[in-house]
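First the structure, in the form of structure tokens, and then the observations on it.
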Amino acid sequence: MMQIPEIGSSVIFLDTCDSTNAELARISGYPETMNGTVVLTYEQTAGRGRRGNSWASVPNKDLTFSFLIIKPAIKAEHSFLPIAASAVAVAEFLGEKISDKKVQIKWPNDILCNRKKICGMLIENTFTGNESQKTIVGIGINLNGTAYENTRFPATSVFLETQIEEAVADNLAQLLPYLNRSFTQMFTAPGLLVNRYNSLLYGKSEWVPILVAGKNILGKLELVDMLGNPQIRNINGDLVVSRVDEIQFSVV
């Protein structure tokens, strides 16, 4: 049985870098780079998101970091599990920090606060054959920003929701136990982890706009399975059938 890594066993603080995911990829092969290493930067100049999108953060204001898991022994068909573990950890962390607002996961791994995006993630797996050799998880949380313009979805920050300015490094320290709890469950009880993920989903109990294969529909999310596939019903009660990469949830 693999030894479960401690996320945050080593933390590297950088004043600036292009991308914390890219920095971890560069150093991941060094013998001194520990399993569970975190790279945090106070200014990210070329942050990346899903589907090739960029991720903009406010220098010295937002929490932008990545962590490394070496040889997580995740099969390719289970590559959703690190996504679920990361999303659950951040959603539960922010749900307690902003306890008077609804914090949800927008499939697969955006975090919403009252329907506004407050966190994005980029999970990158490296496989040899069908088994992952390393997983790098990048997380960007809008922490102290006061304005988010020209964003694809409405956005907010912890400060905008609470009017409390937060220390960046302190929030990393507060978040690490949530990450370690979720990733321990990923290795020991993945079914329970996916249940937690499903309990936090946006669109699970209400009709929401969804782009499916280029067509806008109203749909309700019944659940996301162990492989990360969303099961959606349209307003006629029919199960929506489409490739996963053709599904995108919208926010209204």
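The values are calculated or read from the model by the stated rules, or taken from the named source; none is laboratory data. Remember, predicted model here, so these are calculated numbers, not experimental data. Don't worry about glycine lacking a Cβ; one is built from the backbone with ideal geometry, like all the others, and counts go over all protein chains shown.
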Mind telling me which of the residues ILE4, ILE70 ends up being at pLDDT below 95, surrounded by fewer than 20 Cβ atoms within 10 Å (Cβ to Cβ), not acidic (Asp, Glu) and not assigned by TED's automatic domain parsing to the domain that holds THR184?
ILE4
Identify, please: which residue in segment 147-202 is touching a strand residue (DSSP E or B) at 6+ places or on another chain (Cβ under 9 Å) and among the polar types (S, T, N, Q) and is, among those, surrounded by the most Cβ atoms within 10 Å (Cβ to Cβ)?
SER157
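In segment 9-34, what residues are assigned to a loop (DSSP other than H, G, I, E, B) and surrounded by fewer than 20 Cβ atoms within 10 Å (Cβ to Cβ)? Outline the logic, then answer.
So the first thing to find is which residues in segment 9-34 are assigned to a loop (DSSP other than H, G, I, E, B), and the list is 9-10, 15-16, 18-19, 28-34.
Within segment 9-34, SER9, SER10, ASP15, THR16, ASP18, SER28, GLY29, TYR30, PRO31, GLU32, THR33, MET34 qualify.
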Evaluation of PHE187 against (1) in the same structural domain as THR41 (by TED's automatic domain parsing); (2) touching a residue at least 60 places away in the same chain (Cβ under 8 Å); (3) more than 27 Å from VAL39 (Cβ to Cβ) (one fails), failing number
(3)
Segment 155-181 residues that are in the same structural domain as LYS116 (by TED's automatic domain parsing), paired with ones that are crowded, with 19+ Cβ neighbours inside 10 Å and of a type in the set (Phe, Trp, Tyr) (beta carbon under 8 Å, 6 or more apart):
LEU172/PHE65; GLN174/PHE93; LEU175/PHE93; TYR178/PHE93; LEU179/PHE67
Note on segment 137-177: residues farther than 22 Å from SER10 by Cα and hydrophobic (A, V, I, L, M, F, W, C) are LEU143, ALA147, PHE153, ALA155, VAL158, PHE159, LEU160, ILE164
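Residues being among the aliphatic types (A, V, I, L, M) and closer than 21 Å to VAL103 by Cα: count how many of those fall in segment 233-251. So that I can check it myself, show each step before the final result.
Residues of segment 233-251 among the aliphatic types (A, V, I, L, M): 235, 239-241, 244, 247, 251.
So of that shortlist, the ones also closer than 21 Å to VAL103 by Cα come out as 251.
Counting residues in segment 233-251 that are among the aliphatic types (A, V, I, L, M) and closer than 21 Å to VAL103 by Cα gives 1.
Would it be correct to say that THR37 is more than 28 Å from ILE247 (Cβ to Cβ) and at pLDDT 95 or above? It would help to see each step written out before you state the result.
Numbers: more than 28 Å from ILE247 (Cβ to Cβ): yes; at pLDDT 95 or above: yes.
So THR37 fits the description; yes.
LYS101 - would you say it is touching a strand residue (DSSP E or B) at 6+ places or on another chain (Cβ under 8 Å) and not in a strand (DSSP E or B)? Quick ask: steps written out before the conclusion?
Values: touching a strand residue (DSSP E or B) at 6+ places or on another chain (Cβ under 8 Å): yes; not in a strand (DSSP E or B): yes.
Spelling it out, LYS101 is indeed touching a strand residue (DSSP E or B) at 6+ places or on another chain (Cβ under 8 Å) and not in a strand (DSSP E or B).
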